Structure formats: C-alpha cells, structure tokens
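The values are calculated or read from the model by the stated rules, or taken from the named source; none is laboratory data. All of these numbers come straight from a predicted model, not from anything done at the bench. Positions of Cβ are backbone-derived with ideal geometry, glycine not excepted, and every protein chain shown enters the neighbour counts. These area figures cover heavy atoms from the full protein model, side chains too; ligands, DNA and RNA do not enter into them. Shrake-Rupley method; radii C 1.70, N 1.55, O 1.52, S 1.80 Å.
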Amino acid sequence: MRPPPPFADTVFDRVSALARKTGAINLGQGFPEIEHAPELLAAAQRALVEHSNQYPPMRGLPHLREAVVRYYAQEQGLELDSSQVIVTSGATEALAAAISALVGPGDEVVLLQPFYDAYLPLVQRAGGTARIVPLQAPGWTIPFDRLEAAIGPMTRAIILNTPNNPTGTLLTRTDLERLGALCAAHDLVLICDEVWEGMIIDGSTHVSPLHIEGLRERAVKIGSAGKIFSLTGWKVGWALAAPALAERIAAQHQFLTFTTAVPLQWAVAEGLPLPATWHAAHRARYAASYQRLATGLAAACYKVLPSAATWFLIVDLAASGLEPDDEAVATRMIREAGVAAIPVSAFCGDAPEKGYLRFCFAKEDATLDAAIERLARFRS
Ligand code: PMP
Ligand code: GLN
C-alpha cells in the first residue's frame, strides 16, 4: 500500500478510496465524524457577510495573528509577538514554506521515522536529501547517538513532530533541550510541526521548542486551526519564528499561496479566544473516544500502544499475535473485516517500520463499537 516515492496519491486518499469502494469503516484517514465547533461555523457564516472578501494582507489578518499569539499565551504560556506569525493555507503550506526557505539543492534534512507523509516529498522538491533516523519502538524515543551521526556538513534542519502523528507520543523538555544543544552546535534550524498541540488527551503538558531558551531563534513552530477546532477541511494554519526566520518563510509563502481564505481567517480569529475550558472540553470528547477504542481493541486481544495525543492509536501486530507485515494485515482487514487502518510503514522512507497499524478514533461511539465488533470477529 506504500506509494512509490515521492508523488503518488497519498496513503490517506488510497485507503479512504478503498474503504468507500468496499464499504469498510474508515479508521484510516484522520478526520472527525462529527463537527463539535458550532461557534466556528457561525463565525464563518457571519464573516462572509460582515467583512471584506478581498485579499487580506499577505502574512494574514492582523486580528488572526494577534489571536494566535494570545492563544499560545493562554494554552502554552508562550510570550510571542504577532510579527512572528505567518498565516498559511494549512500546516501543509507552512511546512512547504519553511522547508523551501531553508533547504536548497545539495542540502540535507534529518527526519525522525515514522514521519508525517508530507515531509519527505517537500524536502525532495526543495532539492534536499533526507537523512532518516528511526525512532525506537515501541516507546518511539529518539536515539540521540544515531541522530547526531546523521548530522553532517550539509545538514540544514531537523523536522520534528510533537505530539506525533502517527505514534501519539510527545517529546519531553529534556529531549528538546538536547535537540537545542545539537542545533546550536551544528547551526541547524528545528522545524517543529505542532499541529496536534491542542489534542493532548492524557493531561500531559505540551512543550514547544519555543519554550527552550537556546531554540527561540532557531525554531519554526507550525500549527493548524483545522486540528485545534477539528475542522480539517478549513486549511488555516501558521508558522511562527524569530523575525529573521519569519521573513524568509514569508518570502516563500507569498509565491506559494500568497494568502488564505479570508472568512475562515476571521472565524479562526474569533474561535481561538474561546476560554481554556472550551478547548479542554473539546479535547475531552476525543479522550473518551480513545478510551473506547483502546479498551475495545484490548478486549479483542489487540496490543494497543498508549497514545498521549492526536486522534490516533497504534496496534502492535506481533504483540497482538498477527503477522508483522502492516500492509498485508491492513489490506486483509479492509477486505475481510471491513475496517480500514493505515500501515505505519506509509510514514517511513527506506527500511520502513512494518509491525504497526494506525487507527483513527475520532469517530462516533456507534462507529467505534461496530469497528471493534468487526475486528474481534477478524481474530476469531
Ligand atoms: N502535520 C501533521 C503531523 C498532520 O497530522 C497534519 C494533518 N493531519 C498536517 C501536518 C496537515 O495539516 P493541515 O491540514 O493544516 O495542512
Ligand atoms: N493528516 C491526516 C492523517 O494523518 C490526513 C491528511 C491528508 O489526508 N492528507 O490522517
């Protein structure tokens, strides 16, 4: 099920298409079944008639850039300035702008595997080469010795993802401090994809590189309103960086999309200041869905790895007594059980990690229960 790198249809599109064709329950692509943010939908409707629908400023609506800064002060205790914020068409465009700002032909970028599927093609499109360092399963910890060995004279950046899709794990402050020391020693930029920062479901605290003293000048923080509000189709995201770095990212953004749908920018600017209790209640719904799927799968003898964040949990195939070939099991599961999941090898480069499947639990209880029942039958 893995695409020939780098530009075939994404694994998410292919699995969703197969799920539609076969009528399988789709726990593959990460999107919620219900929209839980009526405040945002109402704000977007109002924005269409109350505000101009012409081009907003290239770096984003000032209201939104200020709301992003206040949101990070409220949720993460970060002190930022709106001049650091560039609004983009989803986190995907923020990643593209940051990577093309920092990487050119011959440059190298370190990726930690498994990694979100967009990173590798974006690095390659910029003319760069990826140096891939596997995280250590099943805890998905960073092997710092291997990471350091992967850094060479042409390395320009490390791309991180915390909370991590697909593993559901978070980097610790100690991890980030060690990464900060490496970046300072080798003059690297840390591109940190934090789109899942609003979806921590086990009470852990999110730590961003922008919390770490030595990283504030050399980190790019990437966020997504699509994830914060569970409105994945909105594609409103942002990159935050120190002024000189922000300048370089904005220079790329102006010729990628120039700007992003303005009514949605207004709506996100209205949504971000919702009280911390709103954001906490939003997360709590997903924490309950995680518990439901994790408990149901465990009762059906699947070995579920703990997820601290995201809409995803991982099943360890060998520990569940299944063959350790994720693509083969995923294909069989769609056809025989009628449940779609994503093989973790789709988040890998060469030497893929083959023993794990990712399931999305951001679904209605009835959908999760039906999937659990089908997956229990698949085992018997
Ligand atoms: N990074 C990660 C880790 C993601 O999981 C996703 C989407 N699921 C994105 C980036 C893309 O976000 P957006 O839809 O805002 O472009
Ligand atoms: N990020 C979503 C996921 O991990 C999918 C996004 C997409 O379809 N490109 O499932």
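Each peptide in 103-109, 337-343 was scored by the mean count of other Cβ atoms within 10 Å over its residues; highest first, the order is 337-343, 103-109. Fully extending the segment from residue 278 to residue 377, taken as 0.36 nm per residue of separation minus the present Cα-Cα distance, adds 31.8 nm. Label separation (residue 51 vs residue 125): 2.6 nm, computed from points 7 Å beyond Cα along the C-beta direction. The alpha-carbon of residue 227 sits under 18 angstrom from the alpha-carbons of these lysines, leaving out residues fewer than 8 places away in its chain: 235, 363.
Peptides 74-83, 48-57, 25-34, 131-140 ranked from most to least packed by the mean count of surrounding Cβ atoms within 10 Å: 25-34, 131-140, 74-83, 48-57. Scoring 181-188, 263-270, 218-225 by mean Cβ neighbours within 10 Å over their residues and listing the highest first yields 218-225, 263-270, 181-188.
Of all lysines in the structure, not one lies under 16 Å Cα to Cα from residue 221 without also being fewer than 8 positions from it along the same chain.
Taking every protein chain into account, the accessible area of region 237-339 amounts to 38 square angstrom per residue (probe 1.4 Å). Annotation: aspartates and glutamates with alpha-carbon distance below 14 angstrom to residue 354 (same-chain offsets under eight excluded): 316, 323, 325, 326, 327.
Take the Cα of residue 247, step 7 Å toward its Cβ, do the same at residue 366, and the gap between the two points is 5.7 nm.
Screening the chain for whole DSSP H helices of 15 Å or more along their axis (Cα) with average Kyte-Doolittle hydropathy at least 1.0 returns 90-102.
For region 190-238, the relative contact order works out to 41 percent when only alpha carbon pairs closer than 8 Å and six or more residues apart are counted.
Looking at region 131-217, the accessible area is 39 square angstrom per residue; that uses a 1.4 Å probe and ignores ligands, DNA and RNA. Annotation: per residue accessible area for region 33-110 equals 45 Å², rounded to a whole number [probe 1.4 Å, protein chains only]. Apolar share of the accessible surface for region 141-282: 55 percent from carbon plus sulfur atoms, 1.4 Å probe. Computed extension gain for residue 145 through residue 9, at 0.36 nm per residue and net of the alpha carbon distance, reaches 45.5 nm.
Relative contact order for region 72-137: 29 percent, from Cα pairs under 8 Å spaced at least 6 residues apart, divided by residue count. Using a probe radius of 1.4 angstrom, the carbon and sulfur fraction of the accessible surface of region 1-94 is 53%.
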